[in-house]
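These notes are about the structure you will find just below.
The values are calculated or read from the model by the stated rules, or taken from the named source; none is laboratory data. Values in this document were obtained by computation on a predicted structure and should not be read as measured data. Quick reminder, even Gly has a Cβ in these numbers, built from the backbone with ideal geometry, and neighbours come from all protein chains shown.
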Amino acid sequence: MSDFEGLTALVTGGASGIGRATAELLAGRGARVAVLDLDPSGVDKPLLGYRADVADDTSVREAVAAAVADLGGLDVLVNNAGIGAQGTVEDNDDTEWHRVLDVNVVGMVRVARAALPHLRASAHAAVVNTCSIAATAGLPQRALYSATKGAVYSLTLAMAADHVREGIRVNCVNPGTADTPWVGRLLDAADDPAAERAALEARQPTGRLVGADEVAGAIAYLASPLSGATTGTALAVDGGMQGLRLRPVGR
Ligand SMILES: NC(=O)c1ccc[n+]([C@@H]2O[C@H](COP(=O)([O-])OP(=O)(O)OC[C@H]3O[C@@H](n4cnc5c(N)ncnc54)[C@H](O)[C@@H]3O)[C@@H](O)[C@H]2O)c1
């Protein structure tokens, strides 16, 4: 399949997990791909790696400019870099709220702002934001993280409206719990990692975690010229967690 042949893409947080799977998939389907990450040291050819912190506007502008110069333009932006936060509204102070909002929400704004002039020059411009089921379902102990992803969902709709007449499509994916290094770190920190994994798996109707490659496939669909009529949507990749209401097994 070569729907990305001749196109260029920038993937933030592309050195690990969902971002890495996405960068590799887009490259496999013909795109030239740049990865922007806090730590791009493990990024291998054919991917191009650029160090940047999405919480720092100067580093974002410099990395996007360098990536676009090396790629020779920009057709696809995958705004994927994000960090987690646990607890209720009582568990994080203002500093932590500002830090996580700064990375997960304003980070996407900074990268989009730097990328938009280049996307406007593309005949197949697409932005895909990595949102989360936490934007649309109330999950326990995720107040701050959920607030950031709710903002990403609204930002996706607003950006889709602002840029549709410029030929730039904007969509997001809403993954359920995905089997990435991030979730691996969460499981490692749990009192009983096996029980924690089993609880996360049981929360999803499919009975298993989502694969990073499955989220990458959804991102690639939304980024592809093949989905040229799709903008302002949130594509759930959550094992049915948002939409299904199952009865207990055996009843
Ligand atoms: N794993 C899940 O269960 C899950 C579920 C729903 C949504 N998501 C979202 O998917 C995205 C990727 O998550 P993942 O599980 O692949 O995580 P991950 O930790 O495996 O990868 C995240 C990458 O982002 C980079 N990054 C973090 N902060 C950055 C910053 N300030 N500037 C630049 N790069 C930065 C990291 O270096 C890392 O390479 C996040 O936006 C996350 O909120 C994940």
**Where a residue in segment 60-74 is closer than 18 Å to Gly107 by Cα and its partner, wherever it lies, is of a type in the set (Lys, Arg), with Cβ under 6 Å and at least six apart** = Val60/Arg110
**Request:** Might you check whether a residue that is in a helix (DSSP H, G or I), modelled with pLDDT under 95 and more than 22 Å from the chain's Cα centre (by Cα) occurs anywhere in segment 234-249?
**Result:** no
**Message:** So, Thr156, is that one more than 12 Å from the ligand (Cβ to nearest atom) and either outside any loop (DSSP other than H, G, I, E, B) or modelled with pLDDT of 95 or more (or both) or not?
**Reply:** yes
**Asked** Which of the residues belonging to segment 28-54 are buried (at least 18 other Cβ atoms within 10 Å of the Cβ) and either at pLDDT below 95 or of a type in the set (Gly, Ala, Ser) (or both)?
**Response** Ala31, Ala34, Gly49, Ala52
**Request:** Could you please let me know if Ala229 is part of a helix (DSSP H, G or I), free of Cβ contacts under 8 Å to residues at least 40 places away in the same chain and over 17 Å from Ile83 (Cβ atoms)?
**Result:** no
**Asked** Would you call Arg142 surrounded by fewer than 23 Cβ atoms within 10 Å (Cβ to Cβ) and away from the ligand (no atom under 12 Å from the Cβ)?
**Response** no
**Message:** Tell me yes or no: at least one residue of segment 127-137 is modelled with pLDDT of 95 or more, more than 12 Å from the ligand (Cβ to nearest atom) and over 13 Å from the mean Cα position of the chain (by Cα).
**Reply:** no
**Asked** In segment 202-221, which residues are part of a loop (DSSP other than H, G, I, E, B) and touching a strand residue (DSSP E or B) at 6+ places or on another chain (Cβ under 9 Å)?
**Response** Gln204, Leu209, Gly211
